[in-house]
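Working notes for the structure below.
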Amino acid sequence: MLMPHPKDMRTLLSRYATARLAHAERQTLKSATQLDDVSYTLCVATATTEINDALAAADRILAQPPPAASSRP
């Protein structure tokens, strides 16, 4: 499995947190769609099918040592 870069994972987690807050505040079709979209993306990026599993996998990815500087442009 390809591992997402920690920077990309942090960006996804930030988007997820923002979408959850926005949906909790407004609960509109747009906020639900945005939350669904970022949840799906997190699941795909972590090779999981449930958001709680994706969040746990993201935590494991971020807990790993950072990749070598030359592994990303």
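Each value in this text was obtained by applying a stated rule to the coordinates, not by laboratory testing. No experiment lies behind these values; they were computed from the predicted model shown. No Cβ is skipped: glycine too gets one built from the backbone with ideal geometry, and neighbour counts run over all protein chains shown.
Across the stretch 6-64, Cα-Cα distances exceeding 13 Å account for 56% of all pairs.
Spin-label pair Tyr40-Gln64: with each label point 7 Å from Cα along the Cα-Cβ axis, the two points sit 2.6 nm from one another. Its relative contact order, with pairs defined as Cα atoms under 8 Å and 6+ residues apart, puts the chain at 37 percent.
All other residues with a Cβ under 14 Å from the Cβ of Arg60 taken together, and with Lys, Arg as +1 and Asp, Glu as -1, what is their net charge?
Values: positive: Arg10; negative: Asp53, Asp59.
Counting the neighbours of Arg60, the net charge comes to -1.
Annotation: extensible slack from Ala47 through Ala17 equals 8.9 nm (criterion: 0.36 nm per residue apart, minus Cα-Cα distance). Our estimate of slack between Asp8 and Arg26, defined as 0.36 nm per intervening residue step minus the Cα-Cα distance, is 3.8 nm. How far, in degrees from 0 to 90, does helix 29-46 lean away from the longest principal axis of the Cα atoms of the chain, to the nearest 10? Value to nearest ten degrees: 20.
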